[in-house]
Amino acid sequence: MADEMQDIQMDLDNLYQEEVFTDRRIGSIMRLTPVTAEGETDTGRDVLYVGQTQIMTPAGALPLSFEIEAKSLKEAIEGFPAAAQKSVDDTMERLKEMRREAASSLVIPEGGGGGFGGQGGMPGGGMPGGGKIQLR
């Protein structure tokens, strides 16, 4: 365990100071200002803006986080709706893709006939492989 902790090191050339702005209704925007290891603003790198919101799904709230192309906080606020919508669209497409992958990986056991008086006195005679659907 101690050896694993020695491998965890922060990247001193990729530090950012985080500031969070929110309307307390729709979401929040993080402004990530690049800084040096001494905590001074690093003017050689661009400020980043990251939006955060959530959408409600049948399984509950799904948090979304997305980068917003902007040069100022005002531009980030104006760009928030389009960036959020793109994130929702990308997430929904990924969920559809995952459903397709899961559906195409179902394995239906072969053979197994029906009828009564089969294996272990159970109707149907049982199916090879225990009759379980398996995901690969």
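The values are calculated or read from the model by the stated rules, or taken from the named source; none is laboratory data. Please read these numbers as outputs of a predicted model, since none were measured by experiment. A quick note on method: Cβ atoms are made from the backbone with ideal geometry, for glycine too, and the neighbour counts reach across all protein chains shown.
Numbers below:
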item	result
Scan of region 54-72 for residues that are in contact (Cβ under 8 Å) with a residue 12 or more places away in the chain, outside any loop (DSSP other than H, G, I, E, B), farther than 16 Å from ARG24 by Cα and hydrophobic (A, V, I, L, M, F, W, C), ordered by number	LEU62, PHE66, ILE68
Output for region 80-91, where each listed residue is buried (at least 17 other Cβ atoms within 10 Å of the Cβ) and either charged (D, E, K, R) or in contact with an Asp or Glu (Cβ under 8 Å, 6 or more places away or on another chain) (or both)	ALA83
Residue within region 26-33 that is outside any strand (DSSP E or B), under 14 Å from ILE77 (Cα atoms) and either over 21 Å from the mean Cα position of the chain (by Cα) or not acidic (Asp, Glu) (or both) present	yes
Yes/no for VAL50 being touching an Asp or Glu at 6+ places or on another chain (Cβ under 9 Å) and not in a helix (DSSP H, G or I)	yes
Matching residues, region 7-53, being among the hydrophobic types (A, V, I, L, M, F, W, C), without any contact (Cβ under 8 Å) to a residue 24 or more places away in the chain and over 29 Å from GLN85 (Cα atoms)	ILE8, MET10, VAL35
Positions within region 30-46 being hydrophobic (A, V, I, L, M, F, W, C) and buried (at least 18 other Cβ atoms within 10 Å of the Cβ), in sequence order	MET30
Residue within region 66-78 that is exposed (fewer than 12 other Cβ atoms within 10 Å of the Cβ) and either at pLDDT below 95 or under 22 Å from the mean Cα position of the chain (by Cα) (or both) present	yes
